[in-house]
Structure formats: C-alpha cells, structure tokens
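Colleague: Let me begin by handing over the structure; questions about it come next.
What follows is calculated from the coordinates using simple rules that are stated; it is not laboratory data. Everything numeric here is computed off the predicted structure, so don't read it as measured data. Using ideal geometry, Cβ is built from the backbone for each residue, glycine included, and neighbour counts are taken over all protein chains shown.
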Amino acid sequence: MGHRRRASVSLLLVALVSTSSCAAGVGGETMQRVAATDRSPATPAIDVTAPPTSTTPSTPPTTSAVATTIPPVATTATSVVTPSELAPPATVPPPPPARTITEQAWTPFATAGGVTLVHPATRVERVGFHQSNHDGARQLDVLATAVSPVTLEGRSRPTSSRTAADVVVDPVAEIRSPVTGRVVRSGTYVLYCDYSDDYLVVEPDQHPGWEVKLLHIDGVRVDPGERVVAGETVVAPRATQLPFESQVDEVSGFQPAWPHVHIEVVDPTIPDQPSPGGGCD
C-alpha cells in the first residue's frame, strides 16, 4: 500500500515536470514568434546610379542689351553771397506829412477894436500873424476859432507883432468878405513894384471910420459904395498865387505853397510913415 502511494507520487511529480517543460517550450516559441512579428522587415538596398555630370560649363542666360541714352542733367551754378557782399538797402525817404486843412463856415479868427474878422474862405490851412507896414494898423487879438494860428518873426517894422494876418487858403476857394460894411475902394496895384495884385478896402459897420484892407486877391468883383456881408459876399473868385515864397510859406513847409489873403484893420487917422524904398523892397 505504501509502495503504491510512493509510486503514485513519483508519477505525479514526473507528470508535473513534463508539463512545466512543455509549457516553457510553448511559451518560448510564442515569445519568439511575437518577437519575430514585431521586428520590421529589412529594407532591401536600392542601387541608384547618378547620371554622369557634364563637365561642359553652363551657358549663362542671354541678356538683351538695350541702349539707353541718359540726357545730361543741366546744372545751375549757384553763388553764395555773404552778408558783406550784399548791397546796402536803399534808403526810402519817408512820405511828406499830409497838409492839414480845416473846413469851416467862415468862423471868426481875430478881433481888433471891436471889429470881428472871419476867415475869408471855407478851406483854410493856417493863419500867420505878422507885422504890418502901415503905422495905423491895429493889434489883432487871436480867437480860439482861428485855424492853426502862429505869430511869425518880426520884420523890423515899427508896428506890433500881430497887426496883420496872412490867411492861407485853398487855391480854388472863392474869397468872401471878412467883415460887414461898405466898400471904400477896390482895384489893382503893383506889389513890390513888380507884381500885379488886387486889393479891397471896406469900412466896417462895427467901427465906422476904420478900414479893413484885403490884399492878394485875384479878380476883385465889388466896387466902391457896395455893401458886403461877412462870410456871404464873394469879393473875388480866388486868392492871388504869388510867384515867390512868402514868410508864411516857410512856416507851412508844403509844396506847392497855397496862396494867402492879407488882412489888416487900420485906423486911417494915424499918419503912415513911407516905407524905405517906396514900398518896392
């Protein structure tokens, strides 16, 4: 009994060993097959024969030459002028000052012994007071309405500084009487023994017996005995344009100089001493 049991165990061990060997063999074959399956097949070598390289140099691409004519560029010579070579700027004289004219409606400019004198024209530039050459000429008192009044330098005469007035007027302005009264005399005389000029003498209503004298009027048109009204009666169409420079022209300074009307108030009861040279100087 015991012998049989040992024999059975021995047979069982042999069987187990055989089974393990078979399993190992099978397992190894399987693994080899798997390994063989996973291995990529070898790529066969391909013999590629390169074509023979030509030793003949390649011909460069042909470029068509186009003849292009470039016009010459005109160059302008530029000279640089330094400040020292620049010409000095031309000096332009300033424009002369504008002549100042006052337009008024024959407003008063002076009085003497109660006699009021009005501007003899509507357009007046200036009133220049100066010494009269008549000993009976009265001193003139300048009024606030006088146009640009000025007292001129003395003329070495025995009269006062403002015994006559030169009223500078527009050359085309008509001349009206500076006072209201009666014409005593009028006409033409020779100025400085050389120049023809017209004059007018009026006896003023404000002081009968006195005389208001006008000189340097052109074309006197009133006669003795006629009545004249200050600022209304036209006594001449214009003032006389003297052919020489007068003292008042020096003060004005404008060219051409405008003419002026000489006006003075005289007391004829005062004897007049003859001027040296007979009035020709």
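Colleague: How many nm is it between the label spots at Asp205 and Gln139, if each spot is 7 Å from the Cα in line with the beta carbon?
Modeller: 2.9 nm
Colleague: Explain nothing, just the number: dipole magnitude of the stretch 108-230 about its Cα centre with +1 on each Lys and Arg Cβ and -1 on each Asp and Glu Cβ, in debye rounded to the nearest 20. Walk me through the intermediate numbers first.
Modeller: Numbers: 12 positive and 16 negative charges, 54 e Å.
Using Cβ point charges on Lys, Arg, Asp and Glu, the stretch 108-230 gives about 260 debye.
Colleague: Taking other Cβ within 10 Å of each residue's Cβ, how do Arg123, Arg185 sort, fewest first?
Modeller: Values: Arg123 17, Arg185 14.
Ordered from fewest to most neighbouring Cβ atoms within 10 Å, Arg123, Arg185 come out as Arg185, Arg123.
Colleague: Using r as the Cβ-Cβ distance of Val190 and Arg227, and R0 as 35 Å, what FRET efficiency do you calculate, to the nearest 0.05?
Modeller: Numbers: r = 28 Å, r/R0 = 0.81.
Approximately 0.80, to the nearest 0.05.
Colleague: For Arg99 and Asp218, calculate 0.36 nm times their separation in residues minus their Cα-Cα distance, and state this gained length in nm to one decimal.
Modeller: Details: separation 119, 0.36 × 119 = 42.84 nm, distance 2.33 nm.
Stretched fully, the Arg99-Asp218 segment lengthens by 40.5 nm.
Colleague: Then there is this: Give me the extension gain from Ser148 to Ser161: residue separation times 0.36 nm, minus the current Cα-Cα distance, reported in nm with one decimal. Spell out each step's value before the answer.
Modeller: Working: separation 13, 0.36 × 13 = 4.68 nm, distance 1.68 nm.
Extra length from Ser148 to Ser161 when fully extended: 3.0 nm.
Colleague: Something else now. How about the stretch 208-255: which GluC sites (Glu not before Pro) there are in a DSSP loop, with at most 11 other Cβ atoms within 10 Å of their Cβ? Write down the numbers at each step before the final one.
Modeller: Working: sites: Glu211, Glu226, Glu232, Glu245, Glu250; in loops: Glu226, Glu232, Glu245.
Within the stretch 208-255, the qualifying GluC sites (Glu not before Pro) (loop, at most 11 other Cβ atoms within 10 Å) are Glu232, Glu245.
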